[in-house]
Amino acid sequence: MFRVAPPLAALALAAGLISCSAPSEEKKAAAHVPVATDNPLLRRDGAFGQDWAMNKLWEDGKAEVAQYRAERVIYGQPRQFEYTLITVKEEFNQQFNVKTDDYQRQDLFPVMKVNQFCSIPTDTYPYHFLTSLFFRRDQPVQLHKLTSSSQEWCGNTFKAISNDDGLQYEQTYNSYWDGQGVGRRKLQLNALFEDALPYTLRALRFEQRPEFAARIYELQQTSRASAPKLYEAQIKVEDGLTTDTPEPAWRVRVVLTDQKTNTYWFAKTYPNTLLRQTTWDGRNLWLKQVRRYAYWPGAN
């Protein structure tokens, strides 16, 4: 077991892009984005395997679609519903920072997309949530982009987080809540996001049973757009109990505060699928099925 010190506040900017690249070098240069070099979570010998998503499994053109039996507390009551987690490799272009339609462009770079979708019934009206997270394929820890939207009868809310300058995240938001409305704010770069943990924690070096500190921003999959709380969290990997999950699993405890603990169970075999989740606020998941297929219309 080893421990990683809490992230440092200072950030160093990697070298900038070369503006006069030769055609053969243009694609490589365009795909470069500076990253924080002093973040312990990004160290090659740290708690996370930075090459986790480089496995050829993700090159088959298919998505991993995991469906869960789920519950979440809304209006003081646990609501039962189905939760879907989609993980797939995509090619982004730098100009628009979205999945490309033109694979001959010179500014392409591979990302891993994680979509989290659910529709939650209540006694009055349903809640709909969709969160999309994107990570550069060789950086399973450092979030590249996040968008999250919620819709229900009171209104809709949209939040986006991006890392454009390599120094900090910028969050923009548009909500129906008084005192929030429309705005933007800066967020620290050397932090994890609670929404991303079902993906990011899959890249842990489980066999080493790491225990370490990390800053974690609170859940963004909500209708609120207030400034997210930043937790000084502790993360610990343990062997899961045989009674916890239907197959051997690693148990990861994420202690946000003394009163707030989330627990995640990941399969011991690659790709370390999330088998179960329990959180301090009642967002619980139990895996029903997982399969790989092209879910988008018109795909073969």
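Every read-out reported here was derived from the displayed coordinates using simple, explicitly stated rules and does not represent laboratory data. Computed from a predicted structure; not experimentally measured. As a convention, Cβ positions derive from the backbone with ideal geometry for all residues, glycine included, and neighbour counts pool all protein chains shown.
Averaging over all projection directions, find the projected area of the Cα convex hull of segment 75-182 and quote it in nm² with one decimal place. Walk me through the numbers before you get to the answer.
Values: hull surface 36.0 nm².
Projected area, direction-averaged: 9.0 nm².
How much length is gained on full extension from ASP138 to SER162, taking 0.36 nm per residue of separation minus their Cα-Cα distance? Please report the intermediate quantities before stating the final value.
Numbers: separation 24, 0.36 × 24 = 8.64 nm, distance 1.73 nm.
Here the segment from ASP138 to SER162 would lengthen by 6.9 nm.
Treating cross-link reach as a plain straight distance, find the lysines whose alpha-carbon is under 27 Å from the alpha-carbon of LYS229, omitting any fewer than eight places away in the same chain.
The reachable lysines, counting only those whose Cα sits under 27 Å from LYS229, are LYS113, LYS145, LYS159, LYS186, LYS260.
Dividing the convex hull volume of the Cα atoms of the chain by its residue count, what figure in Å³ per residue is obtained?
On the way: hull volume 46.0 nm³, N = 300.
Value for the chain: 153 Å³ per residue.
Just grab the label-to-label distance for ASP102 and LYS186, each label 7 Å out from Cα along the Cβ direction, in nm (one decimal).
3.4
Defining a contact as two alpha carbons under 8 Å apart and six or more residues distant in sequence, what relative contact order in percent does the chain show?
Working: 697 pairs, mean separation 52.8, N = 300.
Value for the chain: 18 percent.
Taking 7 Å along the Cα-to-C-beta vector as the label spot, tell me the VAL73-SER119 distance in nanometres, rounded to one decimal.
Result: 2.7 nm between the two label points.
Work out how much length TYR270 to GLU170 would gain on full extension: take 0.36 nm times their residue separation and subtract the Cα-Cα distance, in nm to one decimal.
Numbers: separation 100, 0.36 × 100 = 36.00 nm, distance 3.30 nm.
Once the chain is fully extended between TYR270 and GLU170, it gains 32.7 nm.
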